[in-house]
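The values are calculated or read from the model by the stated rules, or taken from the named source; none is laboratory data. All figures in this text were calculated on a predicted structure; none of them were measured in a lab. Don't worry about glycine lacking a Cβ; one is built from the backbone with ideal geometry, like all the others, and counts go over all protein chains shown. Please note that ligands, DNA and RNA were not included when accessible areas were found on the heavy atoms of the full protein model with its side chains. Shrake-Rupley method; radii C 1.70, N 1.55, O 1.52, S 1.80 Å.
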Amino acid sequence: FLYDLNQKKIRRLTSTQAFEAAPRFLDDNRIIYSQSGNYFILDLNDSSLKQITREANPQNNISVGSFVVSKNGAVAAYVVTDSSKQRQLVVPNFLPEYVTGQGPRRGWTEQKLFVAQIEGEPGRSFEVKLPKAEGVSSFRSIKWAADNRSLIVDRLDRDTKRRQLFFVFNVGAKNEKVITIEDETDPKWQAPLSAIYEPHPTDAFKLFFCSEKDGFNHIYLAEIATQKSDTEQSPQPAGEVKIAQLTKGQWQVEWAKWLPDNRIIYLSTEATPTEREFYTLDLGTNVSKKIETGVSGFKQSAELSEDKQNPRMIFSASRWDQPDDVYSIALCNNCNSSAVRLTDTVPQPFKAIKWTPPQFIKIPSRDGKTIPAKIYLPNTNSSIKKGRPMVIFVHGAGYLQNVINGWNNYYREFMFNELLVDKGWVVLDIDYRGSAGYGRDWRTDVYDFLGGKDFDDHIDAIDYMIKNYNVDQSRIAVYGGSYGGFMSAMLVLRSPDKIAAAAALRPVMDWKNYYTANPFYTAQRLGMPDKNPEAYKRSSPIAYADKLEKPLLILHGMVDDNVHLQDSVQMVEKLIRLGKTKYFEIMFYPSENHGFIRPESWTDEYERILSFFEKYLK
């Protein structure tokens with residue numbers, strides 16, 4: 001449907017049995033959308049319809065994605081993915097009269113890059129031939145250069161260990177040329193943040209990209225040398241690429257874009273890893289300048305306006321006790337104006353709540369590094385002789401950052417932690433090894449052993465809290481979901497002298513199972529299970545099941561298609577066979593996936609955890 005803002009009328013554009021998706025304006029008169037996996041263009045002037053791609057075949061598990069149109073709307077690049085070798089992850093539904101099987105397909109795919117002509121006669125598409133990938137590979141993104149005829153392609157291969165950045169000049173033409181801008185190998189795995197790159201808005205032979213090659217994610221400028229041609233009026237690439245590092249320091253860039261006046265705007269941890277600030281870098285003077293927004297806290301979700309004369313940016317910002325709101329700020333070179341608040345969505349009763357503020361501290365680790373942490377201390381006399389109970393919250397995903405002065409995904413856990421503090425318990429929350437925000441070494445220190453240095457970080461933090469914050473060593477519990485559930489299980493199994501009780505929510509109990517569900521994530525950290533079986537074994541809680549001697553509560557959604565229920569079921573079965581039934585409790589949620597939906601399920605889950613902790617931390 002098309003809604004005319006001027007006439008305030010709705011007009012139906014398509015009437016088909018097929019499902020149409022991802023509609024967007026190509027220009028003022030053309031709309032591009034996907035139907036049955038392929039892309040079409042609808043011309044609003046004459047209602048003509050043009051099919052652009054033809055490779056998608058849902059029946060054979062071949063899909064078209066990453067569809068990127070050049071700025072002039074003449075050509076489009078896209079990725080064709082063959083997932084026929086994937087296998088279905090069976091997720092039973094036990095609720096109907098007859099049990100049914102459902103679930104997504106999971107596994108590695110094969111990808112090819114194509115370009116299609118939009119203007120002129122339809123049907124002209126061709127594959128872009130890049131150097132052959134080695135091992136498992138995937139395209140992270142594709143973008144058009146300023147000339148609207150050259151592509152920049154970011155590809156991972158060698159089982160996520162190598163990143164290659166290609167410049168495909170004059171794609172599809174007789175003088176097409178592929179130039180490697182960057183070929184970078186990490187013996188562990190490539191940083192997700194290195195996927196940041198941007199073509200120059202006016203110079204087709206210039207771009208910036210990000211890399212962790214010096215230990216932190218920073219911006220590099222790439223300039224492709226050009227030469228004159230006897231047959232071509234426009235410059236041609238000579239092949240040489242000059243690369244210069246633009247930012248440097250023990251902090252990382254997390255977002256970056258070009259501004260119209262040859263400046264780069266970026267978001268980084270330069271001021272502090274607990275917050276994010278915007279900076280501009282002038283390529284003429286090589287001087288960076290912090291943008292004084294007048295807004296404190298954690299900033300993210302930035303978008304730039306298309307006004308080249310008076311560019312503006314909108315972004316969101318939050319604090320540890322204040323959810324996100326949206327702000328706008330002018331970005332002209334000499335602007336001194338502060339950000340303007342555009343939304344005020346937090347209700348006043350919420351603002352009036354007197355939360356217990358977290359204390360941000362650094363805890364020494366056994367290998368000489370410092371562990372970022374935030375702690376919540378109850379408002380009780382810290383000099384009491386009997387130590388206080390403590391609960392450790394372990395954030396999920398492994399690579400997230402939770403020690404921030406900002407509102408984040410764990411708002412339920414934040415409020416649960418506040419409840420625990422109100423009961424007089426200390427709460428500890430650390431950014432263990434593997435967490436985001438602290439550079440390459442911190443991110444990759446978990447390589448080859450999940451539950452190695454990240455496990456040690458938790459033990460070191462426990463010892464520190466016992467020594468410095470009057471925590472009772474016999475009354476320490478831990479909880480977390482997903483990776484946090486995995487770590488909670490590892491802690492109670494391998495350190496019963498430190499942990500009195502653990503609640504593991506949707507936990508990974510065997511990393512071989514998770515390789516089946518998410519091979520990309522698992523291979524990054526542990527390699528392939530057939531090539532590195534010992535790493536998978538030492539990293540899996542199920543290998544330590546015989547060590548359980550303290551209470552463990554296992555909670556899991558039964559239709560979880562991320563961490564499959566089989567992890568918890570297999571763990572329970574092994575504990576039964578080992579005669580450990582007196583040490584564990586279980587609760588399964590028949591209609592919940594990895595992230596719960598129903599409020600009743602969330603409430604039940606945390607009521608059970610609270611009751612469990614109160615029982616064993618008396």
*For residue 441: the one exception among (1) within 23 Å of the chain's Cα centre (by Cα); (2) buried (at least 18 other Cβ atoms within 10 Å of the Cβ)*: (2)
*Collect the residues in the range 449-497 that are open to solvent by 30 Å² or more (accessible area, probe 1.4 Å) and closer than 22 Å to residue 369 by Cβ, keeping them in residue-number order.*
449, 453, 456, 463, 464, 466, 467, 468, 469, 494
*Quick one: how many residues across the range 47-73 are closer than 29 Å to residue 12 by Cβ and touching an Asp or Glu at 6+ places or on another chain (Cβ under 7 Å)?*
2
_Considering only residues that are closer than 19 Å to residue 166 by Cα, surrounded by fewer than 16 Cβ atoms within 10 Å (Cβ to Cβ) and either at pLDDT below 95 or charged (D, E, K, R) (or both), which ones fall in the range 236-252?_
238, 239, 240, 242
*Quick one: count up the residues across the range 253-273 that are over 15 Å from residue 193 (Cβ atoms), part of a loop (DSSP other than H, G, I, E, B) and open to solvent by less than 30 Å² (accessible area, probe 1.4 Å).*
1
*Which of (1) buried (at least 17 other Cβ atoms within 10 Å of the Cβ); (2) more than 30 Å from residue 358 (Cα to Cα) is the odd one out, the single condition residue 327 does not satisfy?*
(2)
*Of the residues that make up the range 184-195, is at least one within 30 Å of residue 118 (Cα to Cα) and either open to solvent by less than 30 Å² (accessible area, probe 1.4 Å) or in contact with a Ser or Thr (Cβ under 6 Å, 6 or more places away or on another chain) (or both)?*
no
*Which one of these does residue 152 not meet: (1) open to solvent by 60 Å² or more (accessible area, probe 1.4 Å); (2) within 26 Å of the chain's Cα centre (by Cα); (3) farther than 30 Å from residue 516 by Cα?*
(1)
*May I ask you to say which residue of 406, 398 is assigned to a loop (DSSP other than H, G, I, E, B), at pLDDT below 95 and either touching a strand residue (DSSP E or B) at 6+ places or on another chain (Cβ under 6 Å) or buried (at least 17 other Cβ atoms within 10 Å of the Cβ) (or both)?*
398
*Pair list, Cβ under 6 Å, 6 or more apart: the range 533-545 residue over 18 Å from residue 495 (Cα atoms), other residue at pLDDT 95 or above and of a type in the set (D, E, K, R)*: 535/448; 536/512
_Of all residues being aliphatic (A, V, I, L, M) and open to solvent by less than 70 Å² (accessible area, probe 1.4 Å) in the range 570-618, which is farthest from residue 545 (Cα to Cα)? Just the residue, please._
610
*Selection count where residues are surrounded by 13 or more Cβ atoms within 10 Å (Cβ to Cβ), touching a residue at least 40 places away in the same chain (Cβ under 8 Å) and out of contact with any His (no Cβ under 9 Å at 6 or more places or on another chain), scope the range 81-94*: 2
*Kindly provide the set of residues from the range 1-28 that are of a type outside the set (Ser, Thr, Tyr) and open to solvent by less than 100 Å² (accessible area, probe 1.4 Å), ordered by number.*
2, 4, 13, 18, 20, 21, 22, 23, 24, 26, 27
*In the range 288-312, which residues are surrounded by fewer than 20 Cβ atoms within 10 Å (Cβ to Cβ), in contact with a strand residue (DSSP E or B) (Cβ under 6 Å, 6 or more places away or on another chain) and charged (D, E, K, R)?*
289, 290, 303, 312
*Which of the residues spanning the range 507-559 are open to solvent by 30 Å² or more (accessible area, probe 1.4 Å) and among the basic types (Lys, Arg)?*
512, 531, 537, 538, 547, 550
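Out of the residues in the range 153-181 that are among the charged types (D, E, K, R) and in contact with a helix residue (DSSP H, G or I) (Cβ under 9 Å, 6 or more places away or on another chain), state the one that is farthest from residue 218 (Cα to Cα). It would help to see each step written out before you state the result.
As a first pass, look at the range 153-181 and keep what is among the charged types (D, E, K, R): 154-155, 157-159, 161-163, 174, 176-177.
Filter once more, keeping what is in contact with a helix residue (DSSP H, G or I) (Cβ under 9 Å, 6 or more places away or on another chain): 154, 159, 161, 163.
Working: 154: 16, 159: 23, 161: 18, 163: 15 Å.
Going through the qualifying residues, I end up with 159.
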*Which of the residues belonging to the range 34-54 are out of contact with any strand residue (DSSP E or B) (no Cβ under 7 Å at 6 or more places or on another chain) and open to solvent by 60 Å² or more (accessible area, probe 1.4 Å)?*
36, 45, 46, 47
*For the range 217-228, which residues satisfy the criterion of being open to solvent by 40 Å² or more (accessible area, probe 1.4 Å) and either in contact (Cβ under 8 Å) with a residue 24 or more places away in the chain or within 34 Å of the chain's Cα centre (by Cα) (or both)?*
223
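For residue 115, are the conditions met, namely being β-branched (Val, Ile, Thr) and loosely packed, with under 13 Cβ neighbours inside 10 Å? Please lay out each step first, then the result.
On the way: β-branched (Val, Ile, Thr): yes; loosely packed, with under 13 Cβ neighbours inside 10 Å: no.
Here the answer is no, as residue 115 does not meet what is asked.
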*Which ranges mark the strands (runs of 3 or more DSSP E) fully within the range 122-203 that have 2 or more residues being out of contact with any Gly (no Cβ under 7 Å at 6 or more places or on another chain) and modelled with pLDDT of 95 or more?*
138-144, 151-157, 162-169, 177-185, 197-199
*Would you call residue 420 closer than 25 Å to residue 252 by Cβ and over 18 Å from the mean Cα position of the chain (by Cα)?*
no
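Got a sec? Which of 315, 360 is open to solvent by 20 Å² or more (accessible area, probe 1.4 Å) and aromatic (Phe, Trp, Tyr)?
360
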*asked:* Kindly evaluate residue 561 against the criterion of being touching a residue at least 40 places away in the same chain (Cβ under 8 Å), within 30 Å of the chain's Cα centre (by Cα) and closer than 25 Å to residue 434 by Cα.
replied: yes
*asked:* Quick check on my filter: what residues within the range 204-237 are more than 24 Å from residue 138 (Cβ to Cβ), in a loop (DSSP other than H, G, I, E, B) and in contact with a Lys or Arg (Cβ under 6 Å, 6 or more places away or on another chain)?
replied: 215
_Exactly one of these conditions fails for residue 31: (1) at positive phi; (2) surrounded by 14 or more Cβ atoms within 10 Å (Cβ to Cβ). Give me its number._
(1)
